[in-house]
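Chemist: Have a look at this one before I ask anything.
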Amino acid sequence: MAKIVVDVMLKPEILDPQGNAVASALPRLGFSFAKSVRQGKRFEIEVEGEPTAAQLAEIEKAAEVLLSNPVIENYVVRVEK
Amino acid sequence: MRVGVITFPGTLDDRDAARAVVAGGSEAVSLWHADADLKNVDAVILPGGFSYGDYLRCGAISRFAPVMQLVIEAAGKGMPVLGICNGFQVLCESHLLPGALTRNSDLHFLCRDQEIEIVNNSTPWTSSYKAGEKIVIPLKNGEGSFQCDDKTLAELEGEGRIIARYVGQNPNGSRNLIAGITNARGNVVGLMPHPEHAIDELTGPSAQGLGFFTSILNVMVK
C-alpha cells in the first residue's frame, strides 16, 4: 500500500487570517521563533500497491478540480515512502 | 415568472428565499440538489447556508451536484442566476463568477445589519434599485472576504461588474469593499449579504432587500 500526499496552501498573495492568528498566539505562549505562519491542508490518499503513472496523473487532476481552488490555492502531489 | 430555489444538504435560507420570491411577485419552485431537473424555471436562486457542511471549501462539493450541471448550462445561455452567501461561494467554485470567498479577515463569524450601496442596477437582480442607492440588509457569514488577482479586480472595476459594495468600514477584508459581483454577460449575480432576510420590517432590519426579488419581474416585462 502506498500513500500519496497532497499539500494545499493558499497562494502567497492571499491573506491567511488563520495563519496570522497562529502567528500571534505563539509569542503569547513564549514561542518567539516565528517570523510568519501560513496554514494549509494535507490530504493522505492510499492506493493498492505502488501508484502507477496513470493513478498519479488522476490524482493531479483531482487536486486541481476538487482538492484545491486554483484561484486562491497551490498544491503539491508527492508519494510518501 | 417561475423562480427556482435550490436546496442542498445543509442549505438553511431556502425557505426565506422562496418567501422573498413570492413577496416579489413570482412563483417559487423548490429544486433539489440531487435532481437533474430545473422544472422549467425562468431563473434560479442558490440560497445561503452550509451546503455539504462547508467541507473542503465552502461550495466546493455543491459545484458537482447534478442540479448544478444544469444551472451552469442554463447560465451559459443567459438564464438569470442569483447566489446569496453560500450560493455566491458555489458560483465562484463553479467558475460562473471569478474570484473566491475566503475567511473573514478578523476570523469572526459576522452576523449584523450591514449597509451596502447598489453600484450596478443593470442586472436582472438589481434593476429595481437606483444606481448608488444605499440599503441595509443582514450580513451573516464566516467566509465572506472576496479575493481575486489584480487583473480580475481591474476587469471587474473596468467593466462595471461590481454590483454592490459595503458602506463604511470593511467588514471582512473583501477587496475594494466588494459585496457582490456579476459575470461578463450580466445574468449571474453573487451577493454576500442577505436580501431575502430583509423583505418586511416585521422580520428584518428593513424591507430594502425586496428589490432583488422584484427586479427579476422586469426581465419578463422587457
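Chemist: Scan segment B:25-48 and tell me whether some residue there is over 14 Å from residue B:213 (Cβ atoms) and in contact with a Cys (Cβ under 7 Å, 6 or more places away or on another chain).
Modeler: Within segment B:25-48, one or more residues are over 14 Å from residue B:213 (Cβ atoms) and in contact with a Cys (Cβ under 7 Å, 6 or more places away or on another chain).
Chemist: Quick one: which strands (runs of 3 or more DSSP E) lie wholly within segment B:140-222 and hold at least 2 residues that are touching a residue at least 24 places away in the same chain (Cβ under 8 Å) and more than 14 Å from chain A (Cβ to nearest Cβ)?
Modeler: B:162-166, B:178-182, B:188-191
Chemist: Looking at (1) of a type in the set (Val, Ile, Thr); (2) in a helix (DSSP H, G or I); (3) without any contact (Cβ under 8 Å) to a residue 24 or more places away in the chain, which is the one condition that is false for residue A:71?
Modeler: Going through (1) of a type in the set (Val, Ile, Thr); (2) in a helix (DSSP H, G or I); (3) without any contact (Cβ under 8 Å) to a residue 24 or more places away in the chain one by one, residue A:71 breaks only (2).
Chemist: What residue, of A:54, A:34, A:62, A:21, is more than 12 Å from chain B (Cβ to nearest Cβ) and assigned to a helix (DSSP H, G or I)?
Modeler: Just a single option satisfies the conditions, and that option is A:54.
Chemist: Any residue at all in segment B:72-93 that is without any contact (Cβ under 8 Å) to a residue 60 or more places away in the chain, surrounded by fewer than 19 Cβ atoms within 10 Å (Cβ to Cβ) and at positive phi?
Modeler: There is no residue in segment B:72-93 that is without any contact (Cβ under 8 Å) to a residue 60 or more places away in the chain, surrounded by fewer than 19 Cβ atoms within 10 Å (Cβ to Cβ) and at positive phi.
Chemist: If residue B:204 meets every condition in (1) buried (at least 18 other Cβ atoms within 10 Å of the Cβ); (2) modelled with pLDDT of 95 or more; (3) of a type outside the set (D, E, K, R) apart from one, which number is that one?
Modeler: Failing condition for residue B:204: (2).
Chemist: OK, next. State yes or no: is residue B:100 of a type in the set (A, V, I, L, M, F, W, C), within 14 Å of chain A (Cβ to nearest Cβ) and free of Cβ contacts under 8 Å to residues at least 60 places away in the same chain?
Modeler: Spelling it out, residue B:100 is indeed of a type in the set (A, V, I, L, M, F, W, C), within 14 Å of chain A (Cβ to nearest Cβ) and free of Cβ contacts under 8 Å to residues at least 60 places away in the same chain.
The values are calculated or read from the model by the stated rules, or taken from the named source; none is laboratory data. All figures in this text were calculated on a predicted structure; none of them were measured in a lab. No Cβ is skipped: glycine too gets one built from the backbone with ideal geometry, and neighbour counts run over all protein chains shown.
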